[in-house]
1. Please report, largest first and rounded to whole Å, the three semi-axes of the ellipsoid equivalent to the stretch 4-57, where each semi-axis is the square root of five times an eigenvalue of the C-alpha gyration tensor.
2. Would you mind ranking Ile57, Ile6, Ile44 so that the residue whose beta carbon has the fewest other beta carbons within 10 Å leads the list?
3. Which of His58, His33 has the fewest other C-beta atoms within 10 Å, and how do the rest follow up to the most?
4. Ordered by residue, what ³J(HN,Hα) values in Hz, to whole numbers, does the stretch 36-52 give under the Karplus form 6.51 cos²θ - 1.76 cosθ + 1.60, where θ = phi - 60° and Gly and Pro are x?
Amino acid sequence: MLTRAIDEAVELLRDKNLVWSSDLEDVKENLAHLLLASAAQGGIMENVADNLARKLIHADTTATVYDLNLEKR
């Protein structure tokens, strides 16, 4: 399902009038495709895409953090 946050993030990434840093400029179209494909998968992929989209649009700074209980050093 395409959430509002994902839709807004994709619009921002595809906006030709915005100036991005060179590193993001190289990946922004691929990132937009990835958000859309992840949203279409549903489940956890949709949640991950929505969290990333919210961070891109600064709509939610409390997005869910997935901790896989990996060892941290």
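Please treat every number below as a calculation from the coordinates, not as lab data. Computed from a predicted structure; not experimentally measured. Positions of Cβ are generated from backbone atoms using ideal geometry, with glycine treated the same way; all protein chains shown enter the neighbour counts.
1. Values: eigenvalues 80, 22, 16 Å².
They are 20, 10, 9 Å, listed from largest to smallest.
2. Numbers: Ile57 18, Ile6 24, Ile44 10.
Lowest to highest Cβ neighbour count: Ile44, Ile57, Ile6.
3. Numbers: His58 7, His33 12.
With the sparsest Cβ surroundings first, the list reads His58, His33.
4. Each residue's phi maps through the Karplus curve to give 5, 5, 5, 5, 5, 6, x, x, 5, 5, 5, 5, 4, 4, 5, 4, 5 Hz.
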